[in-house]
């Protein structure tokens, strides 16, 4: 799974990405700082099963801090989108193309209203972030529309003349976006569009189809960034009226906390509601900066919002679950004695066989059954995983977990 970070220029996308990944990327207070996409590993935060199972875990592929498991996930930050991006303005068609593989989107907006539609700094509160959301979503729709509508009339006539359905043809056109025939069929049925009568579809029908496919294939939430600036709370509330998930966010504050923790100044786990100073000789500027983060962000919103947005993208939009494979179901360990060594973020609806495939292709090819470590029950390959499952995969082929 891959989550994309999108938005217009200069709203803090790269700061959000840096805070989430601790990867150094260009950050500056002007538009188009990001030109090439930034790929990195962030984390989802979930309650580890170690406390429930009464064990002290020794993670390998993730981190566990006092029962909070941080599991790596993929993020991509693309350059800012402006009006006309789908037509190539500002290299927008290239930037949009870089989102093809994203399964969900975190849409970063400037909740302070301090950047215009081009990403230029303006007086705080003079820009409407709701309009920014509509603009970016419209460019995404126009991009997909361009893929679907190319040579549409001829293709539609040919489909009707041959008595074939447009579903397969649409799926072929949209295969690069990972949109399959099942999704298209369901969407056409919901919109009451007849797959065998595409000539009768007008441009409005196509745009409605595009919008519905985008919302299904690339669901999004809003990270209302710069929520700590004056007047932002009011605009956060206006964003909530879009009926999307809105997470108040202060990416600069999260980046400050993550850097301070990295340098041993504070104790902080991403997503925490507070931090603990562990170094006695902080400089006055460091002390003041941390105090401002506490007062303006943590006390006001309960968190910086960066981790919450990532968690919502994976666990909310994508319905992901976490599974823990083990080799010894009684000790909850691998063959080297590491307890609950691995935690995998899986698509909602994944099966025990999918988990085997995630661990190693050999395990999947020789899959016999799985064992539920809690109950000792044998499970078939078609067993649908539940969040927090601890499973041993029994296979005719052996493979090292990892």
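So the values come out like this:
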| item | result |
| --- | --- |
| Residues within segment 155-166 that are out of contact with any helix residue (DSSP H, G or I) (no Cβ under 9 Å at 6 or more places or on another chain) and either part of a loop (DSSP other than H, G, I, E, B) or under 14 Å from residue 202 (Cα atoms) (or both), tallied | 1 |
| Qualifying position, being more than 17 Å from the chain's Cα centre (by Cα), part of a strand (DSSP E or B) and buried (at least 18 other Cβ atoms within 10 Å of the Cβ), among 303, 323 | 323 |
| Qualifying positions in segment 103-127 - in contact (Cβ under 8 Å) with a residue 60 or more places away in the chain and surrounded by fewer than 18 Cβ atoms within 10 Å (Cβ to Cβ) | 117, 118, 120, 121, 124, 125 |
| Among residues of segment 50-65, those that are in contact (Cβ under 8 Å) with a residue 40 or more places away in the chain and in a loop (DSSP other than H, G, I, E, B), counted | 8 |
| Residue 274 being modelled with pLDDT of 95 or more and closer than 30 Å to residue 394 by Cβ | no |
| Test: residue in segment 363-385 that is closer than 20 Å to residue 74 by Cα, outside the structural domain of residue 107 (by TED's automatic domain parsing) and touching a strand residue (DSSP E or B) at 6+ places or on another chain (Cβ under 8 Å) | no |
| Top-ranked residue in segment 262-288 [being under 29 Å from the mean Cα position of the chain (by Cα), surrounded by 16 or more Cβ atoms within 10 Å (Cβ to Cβ) and in contact (Cβ under 8 Å) with a residue 12 or more places away in the chain; ranked as farthest from residue 302 (Cα to Cα)] | 266 |
| Residue, surrounded by the fewest Cβ atoms within 10 Å (Cβ to Cβ), within segment 222-238, restricted to residues that are touching a helix residue (DSSP H, G or I) at 6+ places or on another chain (Cβ under 7 Å) and outside any helix (DSSP H, G or I) | 228 |
| Flag for residue 132 being out of contact with any helix residue (DSSP H, G or I) (no Cβ under 9 Å at 6 or more places or on another chain), modelled with pLDDT of 85 or more and crowded, with 18+ Cβ neighbours inside 10 Å | yes |
| Residue count, segment 168-201 (criterion: out of contact with any helix residue (DSSP H, G or I) (no Cβ under 9 Å at 6 or more places or on another chain) and at pLDDT below 90) | 2 |
| Considering residues of segment 239-258 that are out of contact with any strand residue (DSSP E or B) (no Cβ under 6 Å at 6 or more places or on another chain) and free of Cβ contacts under 8 Å to residues at least 40 places away in the same chain only, the residue surrounded by the fewest Cβ atoms within 10 Å (Cβ to Cβ) | 243 |
| Tally of residues being closer than 17 Å to residue 252 by Cβ and either assigned to a loop (DSSP other than H, G, I, E, B) or in contact with a strand residue (DSSP E or B) (Cβ under 7 Å, 6 or more places away or on another chain) (or both) across segment 273-289 | 1 |
| Scan of segment 167-195 for residues that are surrounded by 12 or more Cβ atoms within 10 Å (Cβ to Cβ) and not in a helix (DSSP H, G or I), ordered by number | 174, 178, 179, 180, 193, 194, 195 |
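The values are calculated or read from the model by the stated rules, or taken from the named source; none is laboratory data. Bear in mind the structure is a predicted one, so any value in this text is a computation, not a measurement. Note: ideal-geometry Cβ built from the backbone for every residue, glycine included; neighbour counts use all protein chains shown.
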